[in-house]
Amino acid sequence: MSNTPSSGHAPMRTALGRVRGLGSARSGTDHFFKQRVTGLANLVLMIAFIGIVICLAGASYATTRAILGNPFVAVIMLLTLLSVTTHMRIGMQVVIEDYVHSEALKVLLIVANTFFSIAIALAGAFAVLKISLGG
Amino acid sequence: MADSPQRIDRPLSPHLQIYRPLFTMMMSIVHRITGVGLYFGTAILVWWLLAAATSPSAFESFRAVAGSPIGLIVLFGYTWALLHHALGGVRHFIWDFIHGFGPKERILLAKATLAGSVALTVILWVVGLVVKG
């Protein structure tokens, strides 16, 4: 990697300053820290989530929609979806990186992991919003 | 390298072919397995939400599957996996702050995780069944 950016100017930061703390993956402790922040969020959200699920266990279509449509419940569900899908995406990436040693398959699975996590997040969020905003 | 110093037996990362099974190691493996299970289990959550957003018949299809014996067993397992992974996360938080690494503490923490997850799962299902009536 060249030290000179495409503009031709010498970089403000030294080579050491740019890589310090970033390691070979160029992302430093980003995943490590995010995993703990979302883990903490999951723990708090899970308590509310379990309460919601117990209230809705075996509930009818109308009751389920009425409770999921409550703004407070909907926001809890959206926050849970955001935090959980971020956490599970990082977690699965670690598992893939640990056990899949073929470079092509590893990249393919990490991309599939990204697709699955984002699809889960968006599908869940869309369903909650559709119920909440009346449709 | 003939003159390299004699190999020191340093602790290794838990590794199935190198370490004999230890309790904390098994708990670490189970933490990862429950994490992977929860990952795919999110599809059940999204199916439920999408069914409720789609139509009464879509919702009835979900209810029929979730309320079947196999559905209930999967949901019971999912509850345990969620609680086990959550309590395992708390244990890792404690370790992140450099507490509980003593030989007795780490075993106690691992046992508390296991006992707590099983007890909480049973309690939640009893409460759930009572609420449902």
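Each reported figure results from applying straightforward, stated rules to the coordinates on display, with no laboratory input. Note that the coordinates shown come from a computational prediction; the quantities given were computed from them, not determined experimentally. Note: ideal-geometry Cβ built from the backbone for every residue, glycine included; neighbour counts use all protein chains shown.
Just a few scattered comments:
- Across chain A, the longest run free of exposed loop sites, meaning trypsin sites (Lys or Arg not before Pro) lying outside DSSP classes H, G, I, E and B with no more than 12 other Cβ atoms within 10 Å, spans A:27-135.
- The HN-Hα couplings worked out from phi for segment B:16-31 by the Karplus form 6.51 cos²θ - 1.76 cosθ + 1.60 (θ = phi - 60°) are 4, 8, 10, 9, 6, x, 10, 4, 5, 5, 4, 5, 5, 5, 5, 4 Hz, whole numbers, x standing for Gly and Pro.
- Only lysines eight or more places from B:K132 in sequence, or on another chain, were considered; none has a Cα closer than 20 Å.
- Chymotrypsin sites (Phe, Trp or Tyr not before Pro) restricted to DSSP loop in segment B:29-133 with at most 13 other C-beta within 10 Å: B:F97, B:F101
- A:V75/B:H92 FRET efficiency (R0 35 Å; Cβ-Cβ; nearest 0.05): 0.80
- Under 30 Å from the Cα of A:K106 - lysines, other chains or at least 8 residues apart: A:K34
- Computed over segment A:29-132, relative contact order equals 37 percent, with contacts defined as Cα pairs under 8 Å that lie 6+ residues apart.
- When segment A:29-132 is reduced to its Cα atoms, the Kirkwood hydrodynamic radius in Å: 15.1
- With helices as the sole contributors, chain A gives -25000 deg cm²/dmol at 222 nm; each DSSP H run of n ≥ 4 counts as -39500 (n - 2.57), and the sum is divided by every residue.
- Distance (nanometres) between label positions extended 7 Å along Cα→Cβ at A:R20 and B:V127: 4.9
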